[in-house]
Amino acid sequence: MKLKDTGLNKEELKELSEKYIIDTYERFDFIAETAKDMELFDESGNSYLDFYAGIAVNSAGNCNEKVVAAVKDQVSDIMHTFNYPYTIPQVLLARLICETIQMDKIFFQNTGTEANEAMIKMARKYGVETYGADKYHIVTAKKSFHGRTYGSLSATGQPDNGCQIGYNPILPGFSYADFNDLSSFKEACTENTIGIMIEPVQGEGGVHPATIEFMTGLRAFCDEKGILLLLDEVQTGWCRTGEIMAFMHYNIKPDIVSMAKAMGGGMPIGAICATEQVAKAFSTGSHGTTYGGNPVCCAASYAQITELLQRKLAENAKNMGEYFKEQLTTLPNVKDVRGMGLLVGVELDNAIALDVKHACFDKKLLVTAIGTKIIRMVPPLILTKEDCDKAVSILREAIEESIK
Ligand SMILES: *Cc1c(COP(=O)(O)O)cnc(C)c1O
């Protein structure tokens, strides 16, 4: 839809939004009308350089041609049918994903938080059926983010964050340990612990990658104790960090891994992959979803993943991520630049992240802020050195202005 076809102007559209939409988002003053590759366009055709990619979703570029074509094709064949019949895109996508990331089985959901619900449910059911009724405890990390529905929210170790305040009682059976601190995780485990659940890079928590020692230490500890290693790769999955999945950096495999964001290229889809043994916890009737595995979303995901792999966008994420981070360290008032691949955080000396974000927006660069000091950037993985240079020069001006 285009604004000019509605008979409304921008202010009128914004008023309608304020009148009718329950708004929990801090909005940019901007109508995103169309998008292509690295750019979003407003209703007047102004171009914005996209360094957030719909929160790490549009990894093969905005409105990727192959994804758009796959959606258009599938939408006129069959849009939805529920999971009683087999559908072709779902089965082919299942094979593509399982073979690509070397996991045995997949279950499709619609979003990241739903994928994590499935991961938590599968782990608990496996624990209770394998070891007994008390084996349901899960340890997650402080400052983690796993989603907004009750299970995922309960796994999220941020009791003081707005995403949890006011929602008690949250689900019992979770404890929170310090990220990148193996002994803290070991101490948090009890004889009832069935799972340790972490993000390979804490995104919302300020862009902190897990260290090699921490990740491999967790894997070894889990193996020793019969605990499942549950990885939330909703944000890190599908090439973002410079490998197809972030766990590949660590040379380990999870028992269950969740994914969403980039896998659909803009269509809502999520999934968990599990080992054969753990996947057996789910059997007929034990879990389900109306839309999960929807043929249009699966066709989009198949096209998206094929693009990511064929264009070697994991490699580009690695190379451009290194280049971008190097350039970012030359900026003023920067305390730390961190991340993996193109999941990048810039920590500033001063609490000016929101000002910098708005100043960037005024200069037509789209970035997001975490808290008051961190700028987070998750651009499409197709980006070039020129895109990096442009973003860095806008950030430089934005920081200089905000510091005054
Ligand atoms: C975004 C995100 C989620 C939640 O995904 P939704 O699709 O928004 O439900 C969960 N975990 C991580 C690590 C995320 O980045």
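Details
- Considering the stretch 267-277, the residues that are out of contact with any Asp or Glu (no Cβ under 7 Å at 6 or more places or on another chain) and open to solvent by less than 40 Å² (accessible area, probe 1.4 Å) include one that is nearest to the ligand (Cβ to nearest atom), namely 269.
- Reported count of residues in the stretch 159-174, each being open to solvent by less than 30 Å² (accessible area, probe 1.4 Å) and modelled with pLDDT under 95, is 2.
- Residue among 338, 311 that alone is in contact with a Gly (Cβ under 6 Å, 6 or more places away or on another chain) and open to solvent by 10 Å² or more (accessible area, probe 1.4 Å): 338
- Every listed requirement among (1) over 25 Å from residue 62 (Cα atoms); (2) open to solvent by less than 40 Å² (accessible area, probe 1.4 Å); (3) not assigned by TED's automatic domain parsing to the domain that holds residue 199 is met by residue 286 save one, (3).
- Among residues of the stretch 3-25 that are within 30 Å of residue 148 (Cα to Cα), those with a Cβ under 7 angstrom from a residue that is open to solvent by less than 70 Å² (accessible area, probe 1.4 Å) and in a helix (DSSP H, G or I), sequence gap 6+ or separate chain, pair up as 13/3.
- Failed item in (1) in contact with a helix residue (DSSP H, G or I) (Cβ under 8 Å, 6 or more places away or on another chain); (2) small (Gly, Ala, Ser); (3) outside any helix (DSSP H, G or I), with residue 166 passing the rest: (1)
- Of the strands (runs of 3 or more DSSP E) lying entirely inside the stretch 38-121, those containing at least 3 residues that are within 16 Å of the ligand (Cβ to nearest atom) are 105-109.
- Per the conditions (1) open to solvent by 20 Å² or more (accessible area, probe 1.4 Å); (2) away from the ligand (no atom under 16 Å from the Cβ); (3) aromatic (Phe, Trp, Tyr); (4) farther than 28 Å from residue 175 by Cβ, the sole criterion not satisfied by residue 131 is (4).
- Filter result for residue 89 (surrounded by 14 or more Cβ atoms within 10 Å (Cβ to Cβ) and either at pLDDT 95 or above or more than 23 Å from the chain's Cα centre (by Cα) (or both)): yes
- Residue check for residue 181: under 27 Å from residue 344 (Cβ atoms), free of Cβ contacts under 8 Å to residues at least 24 places away in the same chain and not assigned by TED's automatic domain parsing to the domain that holds residue 344: no
The values are calculated or read from the model by the stated rules, or taken from the named source; none is laboratory data. What you see is a predicted model; the values in this text were computed from it and never measured. All Cβ positions, glycine included, derive from the backbone under ideal geometry; neighbour counts span all protein chains shown. Surface accessibility is based on the protein's heavy atoms, side chains included, excluding ligands, DNA and RNA. Shrake-Rupley method; radii C 1.70, N 1.55, O 1.52, S 1.80 Å.
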